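Below is one structure, written out as structure tokens; comments come after it.
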Amino acid sequence: MANLEVRNVRKSFGDTHVLKGISLDLDGGEFLVLLGPSGCGKSTLLNMIAGLDSITDGEIVIDGRVVNAVHPKNRDIAMVFQSYALYPNMTVKKNIAFGLEMRGVPAEERERLISRTAELLQIDHLLGRKPAQLSGGQRQRVAMGRALVRDPKIFLFDEPLSNLDAKLRVDMRTEIKKLHARLGTTIVYVTHDQIEAMTLATQIAVMRGGVIEQLAPPQEVYEQPANMYVGGFVGSPPMNFVPATLVEHGNGLAVRFACTSDGSAGDVDLPLADPSEDLAPWRDRKVIFGLRPEALTDYNEAEASIREHAHAFDCRVDVLEPTGADTLTYVDLGGETAIARVNPRRTTNPGETMRLMADMSHASLFDPETERRI
Amino acid sequence: MPADTTVTSSDAETGVRGWLQRHLSKLVVAPSFLAAVIFFYGFILWTVYISLTGSRMLPDYELIGFDNYLRIWRLSRWETAFDNLFIFGVLFILISMAVGCVLAVLLDQRIRAEGVLRSIYLYPMAISYIVTGTAWKWLLDPGIGLEKAMHDMGWTSFSFGWINDPDMAIYTVVIAAVWQASGFVMAMVLAALRGVDDEIIKAAWLDGASLPNIYRRIIIPTIRPVFLSAFVILMHLAIKTFDLVMALTAGGPGTSTAVPATFMYDMAFQRDRLDFAATSAVMMLATVAAIIVPYLYSEIRGPRRG
Ligand SMILES: Nc1ncnc2c1ncn2[C@@H]1O[C@H](COP(=O)(O)OP(=O)(O)O)[C@@H](O)[C@H]1O
Ligand SMILES: [Mg+2]
């Protein structure tokens, strides 16, 4: 267990600035997921933490010691690569043993560590094989074994599951989570898959174009995205963004947006759950009203009466997309398409009007100019 | 009905046109296949046959058994040719491989102007052996080449006359051949080095391996098939060497740089000994086959490398 601190780290390749000032602070035992689209600099950051890439500016600190000039082998870090990067000329056993051998671990000790790791990952029966004779999932396990066997201070994972098929990916995800619970080692894990990030992380850093857009626990990233980009990247389907105006409503505030129902266009006002003081300057101004699809559901009297901030309104249905558990219902709110999660037994045909319910306790408001959360 | 139309058209395809369509590819390949069978394999068999006869200037089809294969070893010229092939082959292969590997490892450090350097190293391979031989003949000629250049520059004690020295002339053939082939080895090895996944090398760094260890334990074993391919190609080039020697030294001074291929040529066209020529040709073929057949077999039948 080691804590990891990244202080305002930058990376440039000539004139291309790949990382533009990354800072994060991670306690020992945390599971940080770097989440972002490909090309945003996730691997570059990971390579710099590992010491495989030089740092243009800034500091990387492990357990209070600046490691910028420390050779990768002396950082006590292990990494699992996207391509698995197994040594093709060595058997599974030699692959796992190589790091121990290079570090001068005696032979008997090596044997013991290898068999313990192989047991943990259930790869005992593969020890004599070459990487070419393994399936994708088995290679993945061996790559993890090679990292685990050294019992390093920090694990780095670079998109370790992206080459596996969907079913195996879900299984391995669970296993990585179990391993982390069991070993408690600090992990930095790169992925572009937001579901992986949500399920594994204790902290998520959402990255875009070489900067961290938000660094927070998964639930916070999901419920209170720092900006529209994060809201749109995390969650499937993504957050709905409704162009709206903030208006006075009783002694509070409400979002007002256009919505067609029963063949006539009209405005809908939804009162905010906590119209705090900070929102006062925004009155009568344009905002973006963000609402997760699961907070926009079919109207249900029983539930509406329990949930204090649930408000009903009528809206014309455009498209239906059944997914099994819910039917995704596309509606037009304020000129933008929004998605509601509707109980499949209570759907309405496209073109007809249906009564929807918005849970305003999950509402987010964004500045239309900066796209930041208000 | 549409179904009827289909039946009629498939009927037509059973006719001459249909037959042609099905067999056209075979017909097109047949002439070159036939030529290959006659001119390669037919003449190989003919040469083997001649080597078992007592032919002189013209073929004589009376078999005399394997006598030629014993008698050829009593010829001092064959012995020279054989020794030269051994010296030349070993040095040529070892030095070309070593120089090629060093160049490849150096170029692999992602230096500037790599593209230009790579082409420069590779160009000699594109030149015919006759040109290489002629160019090196001039370069090594004491009267007009390197030695004269050094003398003109004021280093009058410089002397480099290997090409006229019966004991050393074979090494000039090695120099010219290495110059020609090491760029090719470099290209093969460099391609293989580039084929090694970057992440594998990163993983080795993290595993605590030093650079020599990474090359020795991971990269070189990974690209070993390339060394084998390069070895086989150089080996058969060495055994076939003919034009380079003809252009550079013409087998001389005397017969000091004779190799099996020049021996064969001399016997067939100058000494009127078709039997010895055929015998040496068969022995060269057997040597090449002894190397290439197992190689091809292991390439085709061997386990797939993944
Ligand atoms: N050696 C390099 N030279 C120039 N640009 C690079 C180099 N390595 C990476 N990049 C650029 O840096 C950006 C981030 O790369 P990377 O960290 O691999 O992204 P990610 O892992 O998030 O997909 C990419 O746009 C890539 O083109
Ligand atoms: Mg990447």
Discussion item. Probe radius 1.4 Å, ligands and nucleic acids ignored: give me the carbon and sulfur share of the accessible area of the stretch A:4-233 as a rounded percent.
Written reply: 47 percent
Item to complete: Choose one of A:23, A:195, A:166: the residue whose Cα lies farthest towards the positive end of the charge dipole of chain A (beta-carbon charges +1 Lys, Arg; -1 Asp, Glu; about the Cα centre).
Response: A:166
Worksheet item: Taking a threshold of 22 Å on the Cα-Cα distance, which of the pairs A:167/B:202; A:42/A:130; A:94/A:167; A:73/A:153; A:153/A:177 fall above it?
Response: A:167/B:202; A:42/A:130; A:94/A:167
Discussion item. Whole-Hz ³J(HN,Hα) for each residue in the stretch B:56-72, computed from phi via Karplus 6.51 cos²θ - 1.76 cosθ + 1.60 with θ = phi - 60°, x for glycine and proline: what do you get?
Written reply: 10, 6, 10, x, 10, 8, 8, 6, 10, x, 8, 3, 4, 5, 8, 5, 4
Discussion item. On alpha carbon coordinates alone, what is the Rg over Rh value for chain B, Rh being the Kirkwood radius?
Written reply: 1.12
Item to complete: Could you tell me, in Å, what Rg and Dmax come out for the Cα atoms of the stretch B:202-283?
Response: 21.8, 68
Worksheet, complete the sentence: What one gets for the stretch A:4-233 as the Kirkwood radius, inverse of mean 1/r over different Cα pairs in Å, is 18.2 Å
Item to complete: Find the centroid of the Cα atoms in the stretch B:84-136 and in the stretch A:312-374, then give the distance between the two in whole Å.
Response: 69 Å
Discussion item. Please compute the average number of Cβ atoms from other chains found within 10 Å of each residue's Cβ in peptide B:210-216.
Written reply: 1
Discussion item. Can you compute the helix-only [θ] at 222 nm over chain B? Use -39500 (n - 2.57) per DSSP H run of at least 4 residues, normalise by all residues, nearest 500 deg cm²/dmol.
Written reply: -22000 deg cm²/dmol
Worksheet item: Under unit Cβ charges (Lys, Arg +1; Asp, Glu -1), what dipole magnitude, rounded to 20 debye, does the stretch A:240-366 have relative to its Cα centre?
Response: 140 debye
Practice prompt. May I ask for the longest run of chain A untouched by GluC sites (Glu not before Pro) that are loop-located per DSSP and have at most 15 neighbouring C-beta atoms (other than their own) within 10 Å?
Written response: A:1-307
Item to complete: Express the accessible area of the protein assembly as shown per residue in Å², computed with a 1.4 Å probe while the remaining protein chains stay in the model.
Response: 50 Å²
Worksheet item: So, with a 1.4 angstrom probe, what is the percent of accessible area on the stretch B:75-301 that is carbon and sulfur?
Response: 67 percent
Fill in: Relative contact order (%) - the stretch A:240-366, alpha-carbon pairs under 8 angstrom, separation at least six
32 percent
Discussion item. From Cα pairs below 8 angstrom and at least 6 apart in sequence, can you work out the relative contact order of the stretch A:4-233, rounded to a whole percent?
Written reply: 29 percent
Practice prompt. Please give the average number of partner chain Cβ atoms lying within 10 Å of the Cβ of each residue in A:85-93, rounded to a whole number.
Written response: 5
Worksheet, complete the sentence: For residue A:227, other-chain or 5+-apart residues with amide H closer than 5 Å (H placed, Pro excluded) are A:373
Item to complete: Identify, among A:132, A:38, A:58, the residue whose Cα sits farthest towards the positive end of the charge dipole of chain A, taking +1 on the Cβ of Lys and Arg and -1 on the Cβ of Asp and Glu, with the dipole about the Cα centre.
Response: A:132
Worksheet, complete the sentence: Amide H contacts under 5 Å for residue B:53, restricted to residues at least 5 apart in sequence or on another chain and with H modeled in the peptide plane, are B:64
Fill in: Total accessible area lost when A and B pair, probe 1.4 Å, Å² to nearest 100
1900 Å²
Item to complete: Give a residue-ordered list of calculated ³J(HN,Hα) values for the stretch A:248-259 (Karplus: 6.51 cos²θ - 1.76 cosθ + 1.60, θ = phi - 60°; whole Hz; x for Gly, Pro).
Response: 6, 8, x, 9, x, 10, 9, 8, 10, 9, 7, 7
Discussion item. With every atom except the alpha carbons ignored, what do you get for Rg and Dmax of the protein assembly as shown, in angstroms?
Written reply: 38.3, 123
Response to the item:
Sequence order, the stretch A:351-362: Karplus ³J(HN,Hα) from phi using 6.51 cos²θ - 1.76 cosθ + 1.60, θ = phi - 60°, Hz rounded, Gly and Pro as x, gives x, 8, 9, 10, 8, 10, 9, 10, 8, 6, 5, 9
Item to complete: Positive end of the charge dipole of the protein assembly as shown (Lys, Arg +1 and Asp, Glu -1 on Cβ, about the Cα centre): tell me which of A:302, A:347, A:324 has its Cα farthest that way.
Response: A:324
Fill in: Mean Cα-pair separation over length for chain B, i.e. relative contact order, pairs under 8 Å, 6 or more apart, %
27 percent
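The values are calculated or read from the model by the stated rules, or taken from the named source; none is laboratory data. All values derive from a computational prediction rather than experimental measurement. Please note: Cβ atoms are built from the backbone with ideal geometry, for glycine as well, and neighbour counts cover all protein chains shown. These area figures cover heavy atoms from the full protein model, side chains too; ligands, DNA and RNA do not enter into them. Shrake-Rupley method; radii C 1.70, N 1.55, O 1.52, S 1.80 Å.
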